1. Looking at region 62-79, which of the residues that are free of Cβ contacts under 8 Å to residues at least 40 places away in the same chain and in contact with a strand residue (DSSP E or B) (Cβ under 9 Å, 6 or more places away or on another chain) is surrounded by the fewest Cβ atoms within 10 Å (Cβ to Cβ)?
2. Could you grab me the full set of residues in region 45-82 that are within 30 Å of ARG115 (Cβ to Cβ), of a type in the set (A, V, I, L, M) and either modelled with pLDDT of 95 or more or assigned to a helix (DSSP H, G or I) (or both)?
3. Would you pick out the residues in region 234-253 that are free of Cβ contacts under 8 Å to residues at least 60 places away in the same chain and touching a Leu at 6+ places or on another chain (Cβ under 6 Å)?
4. Can you tell me which residues in region 162-180 are surrounded by 17 or more Cβ atoms within 10 Å (Cβ to Cβ) and either at pLDDT 95 or above or of a type in the set (Ser, Thr, Tyr) (or both)?
5. With respect to GLY255, is the statement that it is surrounded by 22 or more Cβ atoms within 10 Å (Cβ to Cβ) and under 24 Å from ASP161 (Cα atoms) true?
6. Output the qualifying pairs, or none if there are none: Cβ atoms under 6 angstrom, residues six or more apart or on different chains, first residue in region 306-329 and on the phi > 0 side of the Ramachandran plot and in contact (Cβ under 8 Å) with a residue 12 or more places away in the chain, second residue surrounded by 15 or more Cβ atoms within 10 Å (Cβ to Cβ) and outside any helix (DSSP H, G or I).
7. Let me confirm something: among LEU159, LEU150, LEU85, which residue is under 30 Å from GLU196 (Cβ atoms), modelled with pLDDT of 95 or more, more than 23 Å from the chain's Cα centre (by Cα) and crowded, with 16+ Cβ neighbours inside 10 Å?
8. Of all residues in region 275-316, which are surrounded by fewer than 19 Cβ atoms within 10 Å (Cβ to Cβ) and in a loop (DSSP other than H, G, I, E, B)?
Amino acid sequence: MVLLTALIRVLHAEFRAPVDIVTSGPWSEPLLRGQPGVGEIFSMRSRKTPYWMSLDQQRVVRQLRARGSGPTWFCDADAAARPILERAGFDANYIVDVKDHALFPGEHATQQWRRLAQIMPSMGAAAHADLDAVLPGCYLEVTQAQRAELTAWLETRGLADQPLILMQIGNKRTMRRGPRRLAVNNKYWPNERWAEVLRYLRQRHPRHALVLLGTGPEYQLNQEVAALAAIGGLHNVADDLPIPRLVSLLDRACGLVTVDSGPAHAAAAVGCPQVVLFGKALPSLYRPWGTAGADVQLLTGQIDGEPNMLGIEADRVIGAWSTLKLRNS
């Protein structure tokens, strides 16, 4: 959803009207609500639940019918949500489907969305925007009210006057069933390596607070890494980090160390410098890219000739951080 801000911003410029969003999952709405160019958000818990069982899907269909059909960009990699549009009466001629427009060789995801924003449905019409006026990459706005809320929260944790360095250890697969080393979690990086990087950061930046990010289920993982690091000035905030606060924290921080993740893209969207560890995902397609152009150091590794995050040693992360152009530090 952070990457899709590249599409939203161009469509907003083309149509000179807010872009309505149909989405599923718990964090799209708090991420996008109030962002520039975003109109109504029609949200459901899951797009894959059978329709007759999903009151959320039925509500969204009613809302879309009342809204009325219009030019539509379908951004899902599978067709699970297409029936929502069909039930709402959206004509297929109004829809630009990402699956009908193959990714160009070497094209970044934000470049793909930017390109698709310029493809008009056969039954729709809009004047093309001046793309030079719409900067490439992702963008998230942080309001003064969000910054004030963050400052008050930081004060309760004794962090309001300290420069901040952030770390995102987990990802959405980290806390699923079974050991973290399961093959499905291709963004797993060993706790001992995270602890080594933390010890380095503590030594290099003695005045900074080191803040461990994450969602509630990742709190215990952060605690395990913190125990291994055995350093002072380390703060685990995964138990109290709703999406708007996370974005504000990224906006304020000097820098971030992270796996390839949603927070990595949000960091780029607010101009936070970062070191990013990639597993199997293609950096050419998914490297964090924000309009602010903050420094991003990408790391990849291999095991037995295949892309694998476990092929990244801690000293490479430390080396990348040592060259990173930090902010407000």
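The values are calculated or read from the model by the stated rules, or taken from the named source; none is laboratory data. Since this is a predicted model, take the numbers as computed values, not measurements. Backbone-built Cβ (ideal geometry, glycine too); neighbour counts: all protein chains shown.
1. Filtering region 62-79 for residues that are free of Cβ contacts under 8 Å to residues at least 40 places away in the same chain and in contact with a strand residue (DSSP E or B) (Cβ under 9 Å, 6 or more places away or on another chain), the one surrounded by the fewest Cβ atoms within 10 Å (Cβ to Cβ) comes out as ALA79.
2. VAL60, VAL61, LEU64
3. LEU234, ASN236
4. Answer for region 162-180, where residues must be surrounded by 17 or more Cβ atoms within 10 Å (Cβ to Cβ) and either at pLDDT 95 or above or of a type in the set (Ser, Thr, Tyr) (or both): PRO163, LEU164, ILE165, LEU166, MET167, GLN168, ILE169, THR174.
5. yes
6. Listed by first residue and then by second, the contacts come to ASN328/CYS254.
7. Just one listed residue meets the conditions, LEU159.
8. Scanning region 275-316 gives LYS280, ALA281, LEU282, ALA292, GLY293, ASP295, GLY301, ASP304, GLY305, ASN308, GLU313.
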